[in-house]
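The values are calculated or read from the model by the stated rules, or taken from the named source; none is laboratory data. Since the model is a prediction, treat every value here as computed from it, not as a measurement. Note that we place each Cβ from the backbone using ideal geometry, even for glycine, and neighbour counts take in every protein chain shown.
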2 protein chains.
Amino acid sequence: MPSPLRLGIAGLGTVGVGVVRIVQRQAALLSARTGREIVISAVSARSKDKDRGVRLSEYAWEDDPVALAKRDDVDVFVEVMGGSDGAAKDATEAAIAAGKHVVSANKALLAMHGQALAEAAEAKGVAIRYEAAVAGGIPCIKALSEGLAGNEISRVMGVMNGTCNYILTRMQDAGLDYQTVFAECEELGYLEADPTLDVGGIDAGHKLALLVSLAFGTQVNYDALQIEGIEKITIEDIQQAADMGYRIKLLGVAQRSGRGVEARMSPCLVPAASPLGQLEGPMNMIVLEGDSVGQIVLRGAGAGEGPTASAVLGDICDLARGAMQPVFGVPAGDLAPSERAKSATPAAYYLRMELADKPGALAKIAAVLGDAGVSIDRMRQYGHDAATAPVLIVTHRAAQEALETAIAAMESTGVLASAPVALRIEDI
Amino acid sequence: MPSPLRLGIAGLGTVGVGVVRIVQRQAALLSARTGREIVISAVSARSKDKDRGVRLSEYAWEDDPVALAKRDDVDVFVEVMGGSDGAAKDATEAAIAAGKHVVSANKALLAMHGQALAEAAEAKGVAIRYEAAVAGGIPCIKALSEGLAGNEISRVMGVMNGTCNYILTRMQDAGLDYQTVFAECEELGYLEADPTLDVGGIDAGHKLALLVSLAFGTQVNYDALQIEGIEKITIEDIQQAADMGYRIKLLGVAQRSGRGVEARMSPCLVPAASPLGQLEGPMNMIVLEGDSVGQIVLRGAGAGEGPTASAVLGDICDLARGAMQPVFGVPAGDLAPSERAKSATPAAYYLRMELADKPGALAKIAAVLGDAGVSIDRMRQYGHDAATAPVLIVTHRAAQEALETAIAAMESTGVLASAPVALRIEDI
């Protein structure tokens with residue numbers, strides 16, 4: 001049997017501890033499957049003394065993850081610290097410079113610095129693998145970059161933040177408003193320390209940025225994405241959408257259009273009967289569409305100790321077996337620059353707004369939409385209080401720009417009581 | 001760039017032509033992704049002159065797939081002929097003996113001769129890859145053997161024959177009986193030349209046999225599976241199941257129990273609201289459960305030119321990148337013998353039977369179930385003609401053996417007008 005594959009694990013939070021547990025519990029299985037022993041040489045975290053409920057005494061300890069990354073007895077640097085900059089970045093760079101492979105669960109780091117890291121890794125002949133960075137335990141990076149390698153990818157979609165999916169489905173199931181469910185989530189510890197990362201779509205956007213690069217052969221560029229969170233979604237939106245046979249999901253969509261690769265992470269309406277529409281609770285789902293394979297749907301837990309550690313171990317096993325490939329599917333130098341593409345794929349839109357209850361208000365809104373070239377499929381004004389009238393409009397397929405023009409014009413009509421909510425109805 | 005990877009394709013049916021088309025259409029993409037040109041050296045099929053709608057003149061032609069397998073200008077033998085013996089087996093063996101890697105879509109061959117072929121391949125240091133043999137375009141072999149390599153797999157389930165799923169969902173949607181939908185499928189060309197391969201569960205069983213081996217580290221052994229087809233499922237069963245919130249699926253289930261690995265391919269009831277229950281039409285779904293990852297669900301087209309060829313190309317790309325691993329996850333010599341395990345996992349059962357309309361008939365059936373230790377959850381006798389009374393029973397969880405004892409005893413009560421239908425209600 002070849003020499004053991006030696007891990008240095010930076011970060012002993014939920015995921016890091018999960019990785020340690022699997023390496024300890026499944027040692028025999030891992031070596032049977034990879035032909036090598038997989039061992040931990042050293043670990044690093046903020047506090048050495050904290051009881052993490054797992055045996056660590058046999059491993060060397062490093063206070064500094066950079067020192068860990070450089071250790072001679074480490075072949076693979078496992079980065080499960082998190083954070084787009086600072087120690088995680090320094091240590092990952094140090095590992096690459098020292099000729100170590102990197103297995104990372106850090107979507108933020110890769111979304112912000114993926115291109116530079118990939119160039120550095122490929123120059124050194126080492127791998128960066130990041131299955132755990134996207135959709136937890138779902139092996140979607142592998143499916144996209146390996147299983148579907150014979151396909152030209154036409155579209156990638158997904159629900160990539162389980163907390164947002166939990167919030168939206170909980171609102172629907174319990175008829176609760178956003179603020180109430182958000183408070184529940186805070187209490188349950190479901191949210192990131194900065195909850196905007198979750199509900200603002202940023203965490204999910206980081207994941208989408210990685211999928212876009214792999215799917216379309218472009219440089220990772222988080223800034224090229226359109227990002228919108230779920231903060232403005234009301235229980236009314238959810239119920240109105242349900243009445244029309246839809247569900248609201250924080251959905252990532254990336255597709256190639258005549259104007260480049262367009263990629264959005266935003267709340268969308270999807271058919272209630274579709275796999276995405278049926279996804280309940282804190283789950284993730286990735287939808288991959290290729291010219292040969294058609295549509296593949298992958299579903300699983302998007303977070304948590306076990307699922308995320310499972311993904312880390314999948315990458316480690318691949319490295320143990322000697323698998324090597326470019327970080328983003330093709331050599332980093334061949335990745336096309338990634339610009340923000342204005343959405344070129346038309347869609348139907350759901351619009352909800354409050355109108356001042358004045359004569360002619362609805363007519364003004366309709367006129368503004370018509371002027372922008374957005375035609376109306378359905379429109380209704382429903383039960384309202386004295387001062388304002390809630391209005392719901394579903395448009396026919398329209399370009400995003402036309403819709404934005406219409407919304408800007410609505411705002412100068414003087415009949416809006418509040419900013420309209422506009423949600424794309426995604427064809428799936 | 002390293003030397004091209006040269007393919008010899010044996011079989012130019014739907015899948016073989018699909019592979020040729022992808023290699024031609026996506027040449028640039030394939031070489032960007034793998035770092036090597038992927039080229040076809042030679043092809044083989046029964047009739048050289050048949051117009052297959054694809055350019056073949058630039059490739060060498062072999063009438064004999066064995067000759068193709070041995071060619072010096074072939075690195076990878078692509079076996080898309082089918083058949084568990086004969087030419088496919090001879091050619092695969094010849095390819096291995098000649099030191100060629102094998103990419104196969106042939107589930108029957110691998111299910112019947114997988115162990116011997118794996119031993120031969122590993123002795124020669126070549127790979128056998130077979131993503132296309134299971135669930136068409138869904139990269140489930142990869143997910144199981146690589147993505148989930150850090151998991152002890154507890155259960156594998158799936159709908160693996162799209163035609164059967166089409167038949168069952170079409171029966172339900174249109175309220176048609178089995179014979180009518182079967183005849184429709186024959187007319188549409190959906191069935192294998194020997195339709196028993198589809199509706200008898202044999203084709204799906206071959207696929208399950210491969211998944212079992214990979215999941216549980218056992219030698220491939222089709223004969224260790226319990227196989228039951230969908231021929232006895234009536235529209236009445238489907239409607240009764242639907243009334244109780246279930247769908248009937250031809251479901252493969254393999255799980256480790258105290259008595260070994262039990263594996264069944266049989267019609268089962270699954271909750272209508274589950275991903276498996278929601279799978280409509282000619283689709284496949286694979287459910288993988290591991291100790292760390294929890295449950296992963298993979299869905300896609302299980303057959304057809306594009307999806308199956310996509311899976312073949314995924315394997316070819318892996319070989320082009322130099323990926324190597326044992327055929328069934330661990331070295332063939334380390335695979336445990338695979339014996340047929342009597343089902344040890346209890347389940348609730350759905351029973352439907354016709355009773356002779358005599359006093360005391362129902363009581364006799366109830367007594368027989370009680371004597372076998374099978375307790376009844378629900379029982380009802382419903383609308384019936386003069387001579388016989390249809391009876392529906394849902395049991396509490398019972399061992400398969402207890403149920404079989406009860407059914408055998410029922411048959412000697414003299415009150416059955418026909419053999420009972422017994423379907424497992426699978427927990428998912």
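Limited to region B:274-309, what total is found for residues that are over 30 Å from residue A:15 (Cβ atoms), aliphatic (A, V, I, L, M) and facing another protein chain (nearest Cβ under 8 Å)? Number satisfying all stated conditions: 2.
Does region B:30-47 hold any residues that are of a type outside the set (A, V, I, L, M) and at the interface with chain A (Cβ under 10 Å from one of its Cβ atoms), and which are they? Write out each step before concluding.
So in region B:30-47, the residues of a type outside the set (A, V, I, L, M) come out as B:31, B:33-37, B:41, B:44, B:46-47.
Across region B:30-47, the qualifying residues are B:31, B:33, B:34, B:35.
Exactly one residue out of B:418, B:412 is over 33 Å from the mean Cα position of the chain (by Cα) and exposed (fewer than 13 other Cβ atoms within 10 Å of the Cβ): that is B:412. If only one of B:265, B:285 is more than 28 Å from residue A:313 (Cα to Cα), in the same structural domain as residue B:196 (by TED's automatic domain parsing) and not β-branched (Val, Ile, Thr), which one is it? On inspection, the qualifying residue turns out to be B:265.
The listed residues are A:366, A:399, A:356, A:372, and the only one of them that is without any contact (Cβ under 8 Å) to a residue 60 or more places away in the chain, farther than 24 Å from residue A:342 by Cβ and of a type in the set (A, V, I, L, M) turns out to be A:366.
Would region B:316-327 turn up any residue that is away from every other protein chain (no Cβ under 14 Å) and within 32 Å of the chain's Cα centre (by Cα)? Explain how you work it out, then say what you get.
Going residue by residue through region B:316-327, those that are away from every other protein chain (no Cβ under 14 Å) are none.
Looking for residues that are away from every other protein chain (no Cβ under 14 Å) and within 32 Å of the chain's Cα centre (by Cα), one finds none in region B:316-327, hence no.
Would you confirm whether any residue within region B:138-147 is away from chain A (no Cβ under 14 Å) and crowded, with 24+ Cβ neighbours inside 10 Å? Walk me through it before giving the result.
We begin by selecting, within region B:138-147, every residue away from chain A (no Cβ under 14 Å); these are none.
No, region B:138-147 has no match at all.
Please find, among B:84, B:57, the residue that is surrounded by fewer than 21 Cβ atoms within 10 Å (Cβ to Cβ) and closer than 18 Å to residue B:132 by Cα. Before you say what the answer is, go through the steps one by one.
Details: B:57 fails: closer than 18 Å to residue B:132 by Cα.
Just one listed residue meets the conditions, B:84.
Taking the criterion of being under 17 Å from residue A:134 (Cα atoms) and either part of a helix (DSSP H, G or I) or more than 18 Å from the chain's Cα centre (by Cα) (or both), the residues of region A:271-309 that qualify are A:305, A:306, A:307, A:308, A:309. Against the definition (farther than 26 Å from residue B:257 by Cα and within 14 Å of chain A (Cβ to nearest Cβ)), how does residue B:131 come out, yes or no? Here the answer is yes, as residue B:131 does meet what is asked. Every test in (1) free of Cβ contacts under 8 Å to residues at least 60 places away in the same chain; (2) within 28 Å of residue A:253 (Cα to Cα); (3) surrounded by 14 or more Cβ atoms within 10 Å (Cβ to Cβ) is passed by residue A:347 save one, and that test is (1). Scanning region B:374-393 for residues that are of a type in the set (Val, Ile, Thr) and crowded, with 20+ Cβ neighbours inside 10 Å returns B:374, B:391, B:393.
Kindly check whether there is at least one residue in region A:45-56 that is of a type in the set (S, T, N, Q) and either in contact with a Gly (Cβ under 9 Å, 6 or more places away or on another chain) or within 14 Å of residue A:321 (Cα to Cα) (or both). Looking for residues that are of a type in the set (S, T, N, Q) and either in contact with a Gly (Cβ under 9 Å, 6 or more places away or on another chain) or within 14 Å of residue A:321 (Cα to Cα) (or both), one finds none in region A:45-56, hence no.
Residue A:423 meets each of the listed conditions (1) surrounded by fewer than 17 Cβ atoms within 10 Å (Cβ to Cβ); (2) touching a helix residue (DSSP H, G or I) at 6+ places or on another chain (Cβ under 9 Å); (3) at pLDDT 95 or above apart from (1).
Filtered by the rule that a residue be more than 19 Å from residue B:8 (Cβ to Cβ) and within 31 Å of the chain's Cα centre (by Cα), region B:27-50 gives B:29, B:33.
In region A:389-402, the condition of being part of a strand (DSSP E or B), farther than 21 Å from residue A:245 by Cβ and at pLDDT below 95 is met by at least one residue.
For region B:328-342, the criterion of a residue being facing chain A (nearest Cβ under 10 Å), within 21 Å of the chain's Cα centre (by Cα) and under 30 Å from residue A:428 (Cβ atoms) is satisfied by no position.
With respect to (1) closer than 30 Å to residue B:155 by Cα; (2) assigned to a helix (DSSP H, G or I); (3) among the basic types (Lys, Arg), the lone exception for residue B:364 is condition (1).
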